[in-house]
Structure formats: C-alpha cells, structure tokens
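Nothing in this text is a laboratory measurement; each read-out follows from the coordinates by a stated rule. Bear in mind that the values here come from a model prediction, so they are computed numbers and not experimental data. Ideal geometry is used to build each Cβ from the backbone, glycine not excepted, and the neighbour counts take in all protein chains shown.
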Amino acid sequence: MRVDEYVNFDAVELGAMVAKGEVTPAELQAVASQAAQMVNPQINAIVETWPADDEPERDAPLAGVPFLIKDIGVAMAGRRMELGSRLAAGNVSHADSALMRRFRRAGLVTMGRTATSEMAYSITTEPVLYGPTRNPWNPERSAGGSSGGSAAAVAAGVVPLAHGTDAAGSLRVPAAYNGLFGMKPTRGRVSMAPDFDELFNGLAAHGSVSRTVRDSAALFDQILGPEPGDPYFAQQPSRPYAEEITRDPGVLRIGVLTQGWGGRHTTAPVSDALSRTVRLLESLGHRVEETPVDLGIDWEEYVLANGRIFTVNLATSIDQLAGAFNRPIDASTLEPVTLAGYHYGQRVSGAEFATALTVRNRVARSLGQYFDGHDILLSPTLPELPVPLGTFAEDAETLDGLGWIRRVFDRSPFTMPSNTAGTPAMSVPLETDAGTGLPIGMQFTTGYGLEDRLYRLAGQLERANPWAGRTPVVWAGSHPGR
C-alpha cells in the first residue's frame, strides 16, 4: 500500500482490510511511518516514534490500525511520557495504564507519542521542550492544544485517529483548528486508572481526534467503562456508538449561543459559519433558536474558581515530579506560565480550594436545567480562526497564575463549562473560512451521559455536509506514487 492510497482510508476501513487479509499490520505500520517522515518535519506533531512491540489480534475491531498517543495522560510500558516538560524529561512508564490496555485490546498499533503543551496547560502546543507544533492548514498558525500534536498528525494524514485529553477544551480546540472531529465524553465515561481516580478534580477526560465520526464512535466503544475503584462512572450506553451514528436523531430542540461567556466577541468568519450551520440544521428538520445560557455564576468568579482548581492540581504534580527526578522548580525546568501557575497554586488556601469546588455543582445544576428544555446547545467551538504561532506567548511572562487562566478562557470561552459540568461535547468540522481556507469547528453539547444523542446528530451532519474530502496544505497524500 502506498501513502497516497493509505490516507484515503479511515480506521474502520483499515481494520476491516486487516481482518480480510488484504493488508498486514506490518504493512500499515510501514506506510504510516513513511507518512510521518513526509510531513512531520513541516508540522512537528510527533515527538517520538517506535516500532510495533507486539502483533495485534486479527479479530480485534481496529486490528493493525496505526495510532498515536499524547505525551500525557496515558502510560505505555517501557515508553517515555514527558508531559511536554523539561521537568519530566526522560520519564519512562513502567506499566500500561488501564486506557493503554484498552487501546491494545482494540487492536491499535501505537507507533509513537505526540506533542502537548507543557503539562497540558495551554490551548496551543508550543512547548520549550519540543518546539511549536504547526497547523497543517497553515504552518504559521497554531495547531491548538493541548492535544495539538495528535490533531496535526491526524489532519496531515499520518494516522486516521489519535489519543487526546480534554480538561478545558484540549480535544475540541485542536479538532476545530485542524478540521477534525473531536468528542469530549461524559465525566467517568473513560477510566483514569490506575494512578488517578480523576484528573483536575474531574475536569479532564480521555478521548480522540479523528477524520470521521465512525472512527471516534468505534474507538469509544472499545475504551468506555469503569475500572475497579473508580469514584464514579457514566451509565453504559444501550447500544454501541458505532450503531448510533447511522440512526436518525429525530427532531432535536437546539439552542444557539452566538457569543461566549466573558465578553470576547465572535469574529465575522465564525459568526457567518455559525449562521450556515443553523440553516443546515433547520434544513434537516431540527428546531433551532438563539437562547441565553446561564452558568449559575458570574464569569469572573467562574474564572477565579477554575484558576484555583487548575493551579492547585498543577502545583501538586510539579512537586511530585521535582521530587521524583531531583530537579529544581525554576525557569530551568518550567516555562514562565507554568511556573507562575505553580506559585499561584501554592498560595491557594484549603478553604479557597473547597469553595472553588462548589462551582462544579452550581454549573452542573444550571446546565442541567438548560438541557431540560433543550436537547442540544450549539455554539462555535472557538470565537476566532486559528491564531498565529506566538499569540499566547505575548507578554505571558507578566501574567500570574490567574492571569494565564483568564487568557486561556478568554480565547476559548465556549469549551470549559462542559468540563465543569462533566457533560459530553463535540467539535464538528462543518465549515471552512473562504478567505483563508482555515477550518472552523462547531461545538454541540448535551446532557450528562448522552453521547449517543451527539453521535446520532454527528452522523447525520457528516452525511449532509461531508468533510472527508478536504485536505490541508501539509498532507501526506500529496506525494503521488509513494
């Protein structure tokens, strides 16, 4: 199989080809490695590759499919996980995490790890340790973050889908920036075992970015469910998500949020794309109306509470890593915004932290009431097009820990509430800006545990407005005969 053939297949198709004996896992690994060699020098999405360490079971649903894991959140025995940070450089995982075991059981062949922002603490991927990851649609633009390496690699055709995490939009932001489908699942849908019961006090979730909806659904079917000792888990779906994507979603009551909380204005290209999406939904028979959405809390109070949650968790992780590697906590090991977050988190009192945790309940209750009257909330994933590299670093050294969180939330005002409430949300690559050719993602959020509703709608949207034929400037398939 040539690279220009390989990039035309999604993970489900590749797995079926392996099952039929039409291609071997080794052949897929070789062609994916060739694709990586073609494009990675231009986008810097993959920080390390390695040969397959075992032969997947041929009857596994995604047997032999090349796969990449993010450099944080999932441990693979004998492989490095450095969290995008000099503080953790050289860290090797001694055992598979529960999620890694599920990736193996699904038949995926993990061929490397992808870049992340330092400790997943940004929505752009520009760490000092690896250097910036570039957007395949325009290499002068950000690929988003913190799962920017995974998204850029998928968008450029290296693999059909890749692992990512999402604590404030870290899957959905790079999905939107790179023209991909990205689903953040319900809190507890995918286990954090064994090292964590939850990450960032339940704000973080595991997921993937993919070029097709069915790849996302097929993977979630293989990785969902609890492990012994999990603090909570979402009710198991009534049928596989892979079946939901072909089902009619029915007539949905869809509310539209045009402007994000916090005051950042949605730019004209994104507003126009949102209007086109509304018309598409109406043409499919859905009832769509612009609605206010009450978070149950003032935005500045919301930012403060989340700033405290994020920085306290960050400070704890940094102390553990510094102790494990006997390294100093200073500018030689951490970037300015991470170091500022560490110092801010150290100053948060126990009472302030406990008060911040009550925000989860208030937001969850408020959004829960919203979804009593609406099936879906539609918004842009982001209020603007992918920003130029370096945008987030402007004067960043002057920000304290709360100032950095405020900057991240200001740039991504639509994504965070679903993390707070633990509700599922997806970014769908429905639109492209005519002026720049850059992709524009639309975000759909629903009530707790209702990924099935989102997958039914996503399947309908993909059939009505397919995006698989759109390819970026940096694309492995642009090399005929290779």
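Membrane-span-like helices in the chain, defined here as complete DSSP H runs extending at least 24 Å along the helix axis by their C-alpha atoms with mean Kyte-Doolittle hydropathy no lower than 0.0, are 25-43, 299-325; this is a sequence and geometry rule, not a statement about a membrane.
Net charge near Val337: determine it from the other residues with C-beta under 10 Å of the C-beta of Val337, scoring Lys and Arg +1 and Asp and Glu -1.
Details: positive: Arg407; negative: Glu118, Glu335, Glu397, Asp400.
Neighbourhood net charge equals -3.
Within a Cβ distance under 12 Å of Glu82, other residues only, what is the Lys/Arg minus Asp/Glu net charge?
Values: positive: Lys70, Arg79, Arg80, Arg86, Arg113; negative: Glu48, Asp71, Glu118.
My count for the surroundings of Glu82 gives +2.
Spatially, the stretch 375-397 and the stretch 295-310 are offset by 18 Å when compared through their Cα centroids.
Only helical runs count toward this figure. For the chain, summing -39,500 (n - 2.57) over DSSP H runs of n ≥ 4 and dividing by all residues gives -11500 deg cm²/dmol at 222 nm.
With neighbour counts taken as other beta-carbon atoms within 10 Å, the residues Asp395, Asp215, Asp96 rank, fewest first, as Asp395, Asp96, Asp215. Near Gln346: Cβ cut-off under 14 Å, other residues only, Lys/Arg at +1 and Asp/Glu at -1. The net charge is -2.
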